[in-house]
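Data block below; observations after.
The values are calculated or read from the model by the stated rules, or taken from the named source; none is laboratory data. Since we're looking at a predicted model, the values are computed, not measured. A quick note on method: Cβ atoms are made from the backbone with ideal geometry, for glycine too, and the neighbour counts reach across all protein chains shown.
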Amino acid sequence: MPTILCIDDHQPTLQTLSWLFESHGYTCLSSSSARTALQLFRDNPVDLVVLDHTLETDDGTALAGTLKNLRSVPILMLSGRADLKKPDGVDVLLIKPQEPRVLLGTVLSLLVRGQSKSD
């Protein structure tokens with residue numbers, strides 16, 4: 001089963017995302033900081049990253065770029081800012097809150113697209 005790395009500094013959101021993905025059969029790693037997220041990303045075969053745009057002490061856009069430079073992996077960014085444009089290095093930007101079916105559908109689409117690129 002694919003592994004998703006969820007990064008969000010809001011603990012209830014992080015727990016909800018982890019529960020949602022795990023309840024649909026995904027392996028989920030979670031982090032509330034960029035530093036821990038980078039270590040998890042380096043140490044694990046991550047297939048997809050779900051990343052908050054605004055982290056308490058870090059910029060989600062910069063972290064997305066760092067992750068893409070380390071390994072080509074699909075990145076789904078979540079943001080509460082409706083005026084935000086999709087940053088470079090991010091595959092899909094969704095505005096929070098988002099319905100679970102939309103999140104799951106987007107994740108599946110990104111995983112299928114990412115797998116077809118690696119074939």
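Scanning region 6-28 for residues that are aliphatic (A, V, I, L, M) and in a helix (DSSP H, G or I) yields Leu14, Leu17, Leu20.
Just to be sure I understand, how many residues within region 11-29 are in contact with a strand residue (DSSP E or B) (Cβ under 7 Å, 6 or more places away or on another chain) and not aliphatic (A, V, I, L, M)? Steps first, answer last, please.
Keep residues of region 11-29 that are in contact with a strand residue (DSSP E or B) (Cβ under 7 Å, 6 or more places away or on another chain), which gives 14, 17-18, 21-22, 26-29.
Remaining after also requiring not aliphatic (A, V, I, L, M): 18, 21-22, 26-28.
Looking only at that region, the number is 6.
I'd like the full set of residues that are surrounded by 16 or more Cβ atoms within 10 Å (Cβ to Cβ) and in contact with a helix residue (DSSP H, G or I) (Cβ under 8 Å, 6 or more places away or on another chain), limited to region 80-93. Steps first, answer last, please.
Taking region 80-93 and keeping what is surrounded by 16 or more Cβ atoms within 10 Å (Cβ to Cβ), we get 87, 89-93.
If the condition is that a residue be surrounded by 16 or more Cβ atoms within 10 Å (Cβ to Cβ) and in contact with a helix residue (DSSP H, G or I) (Cβ under 8 Å, 6 or more places away or on another chain), then Pro87, Gly89, Val90, Asp91, Val92 are the ones that fit.
Annotation: Ser32 fulfils all but one of (1) in contact with a strand residue (DSSP E or B) (Cβ under 9 Å, 6 or more places away or on another chain); (2) more than 14 Å from Asp9 (Cα to Cα); (3) surrounded by 13 or more Cβ atoms within 10 Å (Cβ to Cβ); the unmet one is (2).
In the set (1) more than 10 Å from the chain's Cα centre (by Cα); (2) modelled with pLDDT of 95 or more, Ile4 fails one condition alone, (1).
Against the list (1) surrounded by fewer than 12 Cβ atoms within 10 Å (Cβ to Cβ); (2) over 14 Å from the mean Cα position of the chain (by Cα); (3) of a type outside the set (Asp, Glu), the condition Gly105 fails is (2). Of all residues in region 28-53, those that are modelled with pLDDT of 95 or more have Cβ atoms under 7 Å from Cβ atoms of residues that are in a strand (DSSP E or B) and surrounded by fewer than 18 Cβ atoms within 10 Å (Cβ to Cβ), 6 or more apart or on another chain, in Leu29/Thr3; Asn44/Thr3; Pro45/Thr3; Val46/Thr3; Asp47/Thr3.
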